[in-house]
Amino acid sequence: MPPPPSPHDPPTRLRALAAALRGRCPHCARGRLFRRLLELADTCDVCSLRFDDDGSAVTAGMVFGFGVPLLVALPLGFALIARDAPLAMSLGAPAAVVIGAVPAVVRFSKAVWVWLMDGLGYLTTGT
Ligand SMILES: [Zn+2]
């Protein structure tokens, strides 16, 4: 029977993803991933993993963070226009989707991107 996992063991890939989605470092599952709501920390304050040396997490956050809500909002707007909904509703409902979803999707996208890059071994430790 294997020994129980120590809190200092690296997390499994699934636990690392869960940690990243909770805003924790995917490498150690203890350090903070975000400095502010949408701003990644430079490094993990526990294991010194550098989260975004090349800026790709910010790019992924912007691409997916705006792209995914637009993929929902545009068909919604066209469907409302096609059903002769009032123009304010046809424009307002998609705008509300974008405004409401972008921050959550940006944060989610950055966390998943850092988890993916860590899992692929692209992230380094150090200051
Ligand atoms: Zn860490």
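Please treat every number below as a calculation from the coordinates, not as lab data. Fair warning: this is a prediction, and the values are worked out from it, not measured in the lab. Using ideal geometry, Cβ is built from the backbone for each residue, glycine included, and neighbour counts are taken over all protein chains shown.
Adding -39500 (n - 2.57) for every DSSP H run of four residues or longer, then dividing by how many residues the chain holds, sets the calculated 222 nm ellipticity at -19000 deg cm²/dmol.
For the chain, the longest principal axis of the C-alpha atoms and the axis of helix 56-82 are separated by about 20°. Residue by residue, segment 40-52 carries 3J(HN,Hα) couplings of 5, 6, 5, 9, 6, 7, 10, 10, 6, 5, 8, 7, 8 Hz when phi is fed to the Karplus relation 6.51 cos²θ - 1.76 cosθ + 1.60 (θ = phi - 60°); x denotes Gly or Pro. Residue order for SER56, SER90, SER109, fewest other beta carbons within 10 angstrom first, comes to SER56, SER90, SER109.
GNM on the chain, alpha-carbon springs under 10 angstrom: the most fluctuating residue among ALA82, ALA57, ALA96 is ALA82.
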